[in-house]
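Data first, discussion second: the structure below is written as structure tokens.
The values are calculated or read from the model by the stated rules, or taken from the named source; none is laboratory data. Not measured: the values here are computed from a predicted model. We place every Cβ from the backbone using ideal geometry, glycine too, and count neighbours over all the protein chains shown. Protein only, heavy atoms only, side chains kept; ligands, DNA and RNA dropped before computing areas. Shrake-Rupley method; radii C 1.70, N 1.55, O 1.52, S 1.80 Å.
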Amino acid sequence: MAKIVIKNEILEMMLYIWDSVHQKEKIADSFFFEIADNPNMKYLYDGEEFTPDSVRKVLSAISNRELLNKPTKKESRFWSKNMWMLEDLGFTNMMVEPVKQLNLTDLEDKLPKDEYEVVFIPGHMDEYYIDGNKLVINFFNIVIDFFGDGPATIADKPIKEYIEEKLLSM
């Protein structure tokens, strides 16, 4: 039987940042380095427009309530998406809730015997990345139903269905 591991450590770290910025608390630069250096963030880096330094620069600007100096398109998008999370932490928590409650054990029988990782990161452009048995999902692409009637979706599909489709395509 296959095993699916959900990894949302980066998402938890980002929640801390968003909450701290909202509370006007200072965040140590080392925390930005820790996020930028996380191996799962590498999927965002292209060596030119977006690098680990881009993550540190953007998060530091947000923490210090500053605009970005000469941002690239990807840095600007990353800044914008993070600022969007700060507009309403209630909304942000509504996006996080389905990720925290995600249970994929019933999908394990549908996959070949292996271990799979599903990782949520704060992306800038792409919807998802596949690397071997790892599915990396851009958290910012989660869409929630403001009225609570429908499921959270990605690309117009319920999150679990979306993940199943991507895992089965590996």
**Message:** Need one number: nm distance between label points at K24 and E115, each 7 Å from Cα along Cα→Cβ, rounded to one decimal.
**Reply:** 4.6
**Request:** Quickly estimate the mean residue ellipticity at 222 nm for the chain, helices only: each DSSP H run with n ≥ 4 gives -39500 (n - 2.57), and the total goes over all residues, rounded to 500.
**Result:** -13000 deg cm²/dmol
**Asked** About its Cα centre, what dipole magnitude does the chain give when the only charges are +1 on Lys and Arg Cβ and -1 on Asp and Glu Cβ, stated in debye to the nearest 20?
**Response** 400
**Prompt:** Full extension from L168 to T105: what is 0.36 nm times the residue separation minus their Cα-Cα distance, to one decimal in nm?
**Reply:** 21.3 nm
**Request:** Would you mind getting the Kirkwood hydrodynamic radius of the range 8-88 from its Cα pairs, rounded to one decimal in Å?
**Result:** 12.7
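Work out how much length N64 to E48 would gain on full extension: take 0.36 nm times their residue separation and subtract the Cα-Cα distance, in nm to one decimal.
Taking 0.36 nm per residue and subtracting the Cα distance, the gain is 3.3 nm.
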**Fill in**
In nanometres, the difference between 0.36 nm per residue of separation and the alpha-carbon distance of F91 and K160 is 22.8 nm
**Protein accessible area in the range 8-88, 1.4 Å probe - carbon and sulfur %** = 48
**Complete:** Quick shape summary for the chain, equivalent ellipsoid via Cα gyration tensor, semi-axes whole Å in descending order, reads 28, 19, 14
